[in-house]
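The values are calculated or read from the model by the stated rules, or taken from the named source; none is laboratory data. Keep in mind the model is a prediction, meaning the values are calculated, not measured. Please note: Cβ atoms are built from the backbone with ideal geometry, for glycine as well, and neighbour counts cover all protein chains shown.
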Amino acid sequence: MLETYPFKPQPLPYAYNALEPYIDTKTMEIHHDKHLATYVNNLNHALEHHPEFHDWSLERLLYHIDILPPTIQTAVKNNGGGVYNHNLFFQGLSSNSQSPISGPLHHALLHTFGSIESFKQEMKRMGLEVFGSGWALLATDDIGRLSIIKLANQDTQIPFNLTPILILDVWEHAYYLKNQNRRAEYIDNWWQVINWQQAEINYSKSQKD
């Protein structure tokens, strides 16, 4: 069942320090308990006096931004996108990261990028090219074609009818305490804590829908 108003921060599926030394404990605490929680609170505040949308899922709200009241469109887009993207990001991390060795996603990555190393290089390039704050996203379309796209601020792939597989947060709050301005270093560390099992699940579900 899809979550509806009032939205709540999804708990981390691991301890704050589980991703050390690649992502530090303090960053995880602030990132989840402060940044994500603020997006959730602001989203609920925007929807509070609009009960006609209280049974809408987050995905439905973000897909139909244009038909929401103009007074809450920006708040729902920015804060709802922040909730959606952060939930994907946190779910996509693991202290037991392993490179994909087999499975549908592995084969699709090889088909699209030629090798896992080429995929990593392209994902890193896209993450570095995001100007200011945003995301690099591995997604698939409705016929299973993979692509990597850049998302500014808290935009999502939802309006493009793409299914998210793996998302990289390149907002400075995701890495600045440990890596300062060294985004490339942060991305290199991110590869060490990817939840490939969840990415495989995301891809497999996309092919069944």
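Just a few scattered comments:
- Checked against the criterion of being without any contact (Cβ under 8 Å) to a residue 24 or more places away in the chain and not basic (Lys, Arg), the range 76-93 has no qualifying residue.
- Checked against the criterion of being more than 19 Å from residue 183 (Cα to Cα) and in the same structural domain as residue 31 (by TED's automatic domain parsing), the candidates 112, 74, 140 yield just one match: 74.
- Filtering the range 150-175 to residues that are among the hydrophobic types (A, V, I, L, M, F, W, C), surrounded by 15 or more Cβ atoms within 10 Å (Cβ to Cβ) and in a strand (DSSP E or B) leaves 151, 165, 166, 167, 168.
- Within the range 87-118, tally of residues that are under 26 Å from residue 13 (Cβ atoms) and part of a loop (DSSP other than H, G, I, E, B): 11
- Residue within the range 41-56 that is among the small types (Gly, Ala, Ser), in contact with a helix residue (DSSP H, G or I) (Cβ under 6 Å, 6 or more places away or on another chain) and under 21 Å from residue 27 (Cβ atoms) present: no
- Among residues of the range 183-209 that are on the phi > 0 side of the Ramachandran plot and in a helix (DSSP H, G or I), none has a beta-carbon under 6 Å from a residue that is small (Gly, Ala, Ser) and surrounded by fewer than 19 Cβ atoms within 10 Å (Cβ to Cβ) at least six positions away or on a different chain.
- Scan of the range 40-74 for residues that are touching a Pro at 6+ places or on another chain (Cβ under 9 Å) and either modelled with pLDDT under 95 or not in a helix (DSSP H, G or I) (or both), ordered by number: 48, 50, 54
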